[in-house]
Amino acid sequence: MRSILVGLALSGALLGCSSVSDVSVAAQLSLDLHEAKWKQRTFTSYTCDLAQERLGFRSNVHITVHDTTIVSVIDNTTGLPPEVDLGWTTIDGLYAAAQSVVGSKHTALQVEFNEQYSYPTLVSMSNNDPGGPYTAQVSNLSPLP
């Protein structure tokens with residue numbers, strides 16, 4: 001599957017935008033378009049692998065989501081539920097996180113999308129936040145009946 005990349009700097013170069021605000025507008029429009037396509041999907045429950053890095057911790061888990069609620073988290077390394085909750089998120093949560101930083105000063109955002117279902121396969125955010133950067137990668141998304 002081909003991915004579509006939205007990076008604030010890259011969007012400006014690809015679209016011929018002449019200012020940071022133009023890039024922010026282009027990034028916002030791309031996020032809005034992909035999120036709208038995601039919301040039009042024909043399923044509400046799914047499983048996927050989610051690899052996250054936040055606050056210096058890394059996790060690689062398999063999550064099951066029913067509607068907008070995570071109902072199961074299994075560590076991909078051990079095959080067991082993780083001992084510590086590192087704040088896993090849903091696809092909707094990833095969209096909310098990305099939307100919250102578009103246009104923010106001193107923030108770099110990179111998002112890649114799956115073309116079939118239009119979910120983010122990569123969300124990478126970095127800024128001057130004391131919590132540090134955040135990266136999430138989503139793979140193997142499978143709709144559930």
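Which residue out of ILE91, ILE70, ILE74 is modelled with pLDDT of 95 or more and within 15 Å of the chain's Cα centre (by Cα)?
Checking each option against the conditions leaves just ILE91.
Quick one: in the range 134-145, which of the residues that are surrounded by 14 or more Cβ atoms within 10 Å (Cβ to Cβ) and either of a type in the set (Ser, Thr, Tyr) or over 8 Å from the mean Cα position of the chain (by Cα) (or both) is farthest from LEU86 (Cα to Cα)?
Per the criteria, the residue is LEU141.
Taking the range 1-46 only, how many residues are buried (at least 16 other Cβ atoms within 10 Å of the Cβ) and modelled with pLDDT of 95 or more?
The number of residues fulfilling the criteria is 4.
Could you check the range 70-89 and list, in sequence order, the residues that are in contact with a Pro (Cβ under 8 Å, 6 or more places away or on another chain) and among the hydrophobic types (A, V, I, L, M, F, W, C)?
Within the range 70-89, VAL73, ILE74 qualify.
Considering only residues that are part of a loop (DSSP other than H, G, I, E, B) and in contact with a helix residue (DSSP H, G or I) (Cβ under 8 Å, 6 or more places away or on another chain), look in the range 68-94 and name the one that is surrounded by the most Cβ atoms within 10 Å (Cβ to Cβ).
Filtering first and then ranking leaves THR89.
Which condition breaks for GLN99 when tested against (1) part of a strand (DSSP E or B); (2) modelled with pLDDT under 95?
Unmet for GLN99, out of (1) part of a strand (DSSP E or B); (2) modelled with pLDDT under 95: (1).
Out of the residues in the range 108-126 meeting the condition of being surrounded by fewer than 16 Cβ atoms within 10 Å (Cβ to Cβ) and not aliphatic (A, V, I, L, M), tell me which one is nearest to SER24 (Cα to Cα).
Of everything passing the filter in the range 108-126, SER126 is nearest to SER24 (Cα to Cα).
The values are calculated or read from the model by the stated rules, or taken from the named source; none is laboratory data. It should be emphasised that the depicted structure is a prediction, and the values quoted were computed from it without experimental measurement. FYI the Cβ positions are ideal-geometry reconstructions off the backbone, even for glycines, and counts take in every protein chain you see.
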